[in-house]
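The values are calculated or read from the model by the stated rules, or taken from the named source; none is laboratory data. These figures come from a predicted structure and were not determined experimentally. Cβ: placed from backbone, ideal geometry, glycine included. Neighbour counts: every protein chain shown. Side chains are part of the model used for accessible areas, which takes the heavy atoms of the whole protein and leaves out ligands, DNA and RNA. Shrake-Rupley method; radii C 1.70, N 1.55, O 1.52, S 1.80 Å.
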Amino acid sequence: MLGVGLTVVIVLGGGGYVAYRAVQNANTPPTPFSAEEFGKIASGDLNAPDPETDALKEAAVQAYKADELKKGRAGGSSKDFDWVEVKERGPGGNGFPPANFPPGSNPSPGSNKAAARGMLASFGFGADQWGCLESLWQKESGWNERAMNRYSGAYGIPQSLPGSKMASAGGDWQTNAVTQIKWGLGYIKGRYGTPCGAWGHSQARGWY
């Protein structure tokens with residue numbers, strides 16, 4: 001599960017190139033922020049649709065489905081395959097060097113869920129949104145702050161792509177679950193309005 005190397009999945013039609021891009025992205029450090037991206041950070045506008053990132057998310061889903069199909073044809077069980085790998089170090093990118101996790105610390109999905117539930121109201125979300133958020137991030141990362149998508153390179157509890165986008169919520173985005181949750185709730189509010197809106201999109205498209 002901790003292996004990084006991936007075989008490029010050939011997908012029929014135009015999706016092949018996009019899937020190849022997704023695998024490349026998972027193994028290539030993100031490029032530095034552009035002046036436009038720094039402007040977005042300054043203005044707080046980080047949640048607008050990004051066609052290139054959305055295409056990578058879509059490709060990651062299709063590549064995962066293709067691997068599941070291949071595994072099924074080979075007689076294996078898709079239940080044994082996970083599209084998320086757990087990182088031993090927080091990834092770098094955009095000027096951030098890789099970060100070591102605090103000594104003795106381990107992911108705690110239960111504590112992470114409790115933190116997120118306690119933050120809902122501060123983002124204007126009612127208690128009725130909790131079920132959608134819990135399901136969404138369970139699907140994305142298992143509520144593990146060290147989770148990275150094998151195909152797209154998305155990172156953290158909310159699966160930010162690239163992970164360094166979460167720096168807008170705090171410089172400790174690589175290792176701090178609360179910082180990741182803060183960014184993720186802001187992203188959901190800015191792009192989908194509510195966790196249930198994001199969960200509905202995820203159910204329909206496989207990503208959010």
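Descriptive notes on the structure:
Residue by residue, here is whether (1) in contact with a Cys (Cβ under 9 Å, 6 or more places away or on another chain); (2) more than 23 Å from GLU68 (Cα to Cα); (3) open to solvent by 10 Å² or more (accessible area, probe 1.4 Å); (4) part of a helix (DSSP H, G or I) holds:
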site	(1), (2), (3), (4)
GLY104	no, yes, yes, no
ALA116	no, yes, no, yes
GLY131	yes, yes, yes, yes
SER135	no, no, yes, yes
TYR151	no, no, no, no
THR175	no, yes, yes, no
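- Test: residue in the stretch 42-50 that is at pLDDT 70 or above, touching a Lys or Arg at 6+ places or on another chain (Cβ under 9 Å) and open to solvent by 70 Å² or more (accessible area, probe 1.4 Å): yes
- Enumeration of residues in the stretch 187-204 that are open to solvent by 40 Å² or more (accessible area, probe 1.4 Å) and outside any helix (DSSP H, G or I): THR194
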